[in-house]
Each structure stands twice: as structure tokens, then as C-alpha cells.
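This report refers to the structure that appears directly beneath it.
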Ligand SMILES: [Zn+2]
């Protein structure tokens, strides 16, 4: 849960506040380990533990806590919910990480490029490096970061021009995610606007996903449920089911996304 800044200032880690000038990670100051550890990002919890275990006091008790916390950290890959926000990439993708950390987010979302244009600029390598370093430093493992696809995408479009641009953009954004070391990518499945039927739209969306998976190696695509507004597809569970049923596992083992 996001806490207010005032209440965050009162939080201490195990009764001690980490105020080293080297530590510019506000979320460490905000975390009360005794209150709950399962909410901590995996990397962050380990970081807190390292600091607790190097202060030379109450070592055996700390070792016990270490074991308990490690267990809790392993829960990061379970069904627990990690609350965060969609963060801005203004100035570079790495800024989303620092913004998330500054607000004490346990997870975060971001666009991986300017999603308002079809223009597909290559990813700035230096920024990609800074993003990966920042994720490590602030304790955000890839499964707690969910990029959001461009709102321009309609991977179920019956218009060949829109469909081609959507598929090119989908693959481009997935490749950016791979370069950023990410493993998930969320997008709006598509819309049956114009003369398209819902069934055709669902088939086209599934074809787009299968095509994109063939051209990439490690990213899992996440289809977002919609609000049944207009001709959008994915507002009904059976529509999401139909898309998933048409998913074809990549043939080559090396193409199978991490499970
Ligand atoms: Zn969305």
C-alpha cells in the first residue's frame, strides 16, 4: 500500500533509520520490516537484511530473521499483490524506476517508448543500461515491472494498414522490453471497429500475438481486460479465453518464454 509521505517519515527499519549518505533509496527508510515483509520487493528485502546483518548486533536473532525474510521474499513469485503506479519515462526510461522508488512503490508500470506515435525509434543503449542498473539498485525484479503497450495498437484491426503498423509496433516494443531485461508486456487486445466482426478480430489478435512471439524470445504478453466500451474486444472473459485458446506455443525450445 502506498503510504503518505508524513507517515513514511515516521517509519523505521527494525527501530533504526538508514541515513547513510550513500543510501539514497527512500523506500528503505520507509519500510517497517517488523510490520510486514511480504510486501517488500525481493531485492529490497535482501538489501535491508544485508544492512541489518552487518551491524554486528544480535546476530543470532538476525540470522533467524534472515531465514524468515528469505522465505517471505520467495513469495515474490507467488500470487501476492504488489501495489505500485504507472511511472513516467519523461527524460528516459530509467526515470520511471527512480520515480517508483521515490514513492515507495512495490511494483510499477511504464510505457517503454512514446506511445503516441507510430514512429519506431531505436532504444537508447545508454538509457537501457541505466534502467537495468536502477532496477537492481532499487530492488525491482522483472516480474514486478509491467510495461504497457502503445494506445495506438489495434492488433485485431480489419484495416490492413492499421494492422501492419500495430504488428510492427508490437514487435518493436517487445524487443525494447527484451533489451531492458523485462519479461512481461501488457497491451489492449484490440477493437473490432469498422467492418470487422468480433470473431475475426479475436482471430487476428491471436495471429498477431503468435507472430510477435515468433519474432521475440523471452517476453510474455499479457492481455488486458477491457471495459466493453464501443467495439473493444477483451471486455468479456470468453473473449479473453478465445484469444488464449488460439495461442500457439513457439516450436523451438529457445523461443519459449520463461515460465
Ligand atoms: Zn491499459
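No lab work stands behind these numbers, since they all come straight from the coordinates. Model, not experiment: these values are computed from the prediction. With ideal geometry, Cβ positions are generated from the backbone for all residues, glycine too; neighbour counts draw on all protein chains shown.
The figures follow:
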{"item": "Exclusive hit being away from the ligand (no atom under 16 Å from the Cβ) and either crowded, with 18+ Cβ neighbours inside 10 Å or within 19 Å of residue 224 (Cα to Cα) (or both), set 101, 90, 85, 107", "result": "101"}
{"item": "Qualifying residue in region 244-254 (condition: under 23 Å from the mean Cα position of the chain (by Cα) and within 16 Å of the ligand (Cβ to nearest atom))", "result": "no"}
{"item": "Residues within region 180-236 that are within 16 Å of the ligand (Cβ to nearest atom) and either assigned to a loop (DSSP other than H, G, I, E, B) or over 16 Å from residue 153 (Cα atoms) (or both), tallied", "result": "12"}
{"item": "Cβ-Cβ under 7 Å pairs, at least 6 apart or on other chains, region 186-207 side touching a residue at least 60 places away in the same chain (Cβ under 8 Å), far side within 15 Å of the ligand (Cβ to nearest atom) and part of a strand (DSSP E or B)", "result": "186/146; 186/147; 186/148; 186/222"}
{"item": "Hits in region 114-140 (condition: in contact (Cβ under 8 Å) with a residue 40 or more places away in the chain, in a loop (DSSP other than H, G, I, E, B) and out of contact with any helix residue (DSSP H, G or I) (no Cβ under 6 Å at 6 or more places or on another chain))", "result": "140"}
{"item": "Qualifying residue in region 178-191 (condition: farther than 19 Å from residue 86 by Cβ and crowded, with 20+ Cβ neighbours inside 10 Å)", "result": "yes"}
{"item": "Whichever residue in region 141-173 is within 16 Å of the ligand (Cβ to nearest atom) and part of a helix (DSSP H, G or I) and, among such residues, is nearest to residue 82 (Cα to Cα)", "result": "173"}
{"item": "Top-ranked residue of region 110-140 - restricted to ones that are within 16 Å of the ligand (Cβ to nearest atom) and surrounded by 14 or more Cβ atoms within 10 Å (Cβ to Cβ), ranked as nearest to residue 177 (Cα to Cα)", "result": "112"}
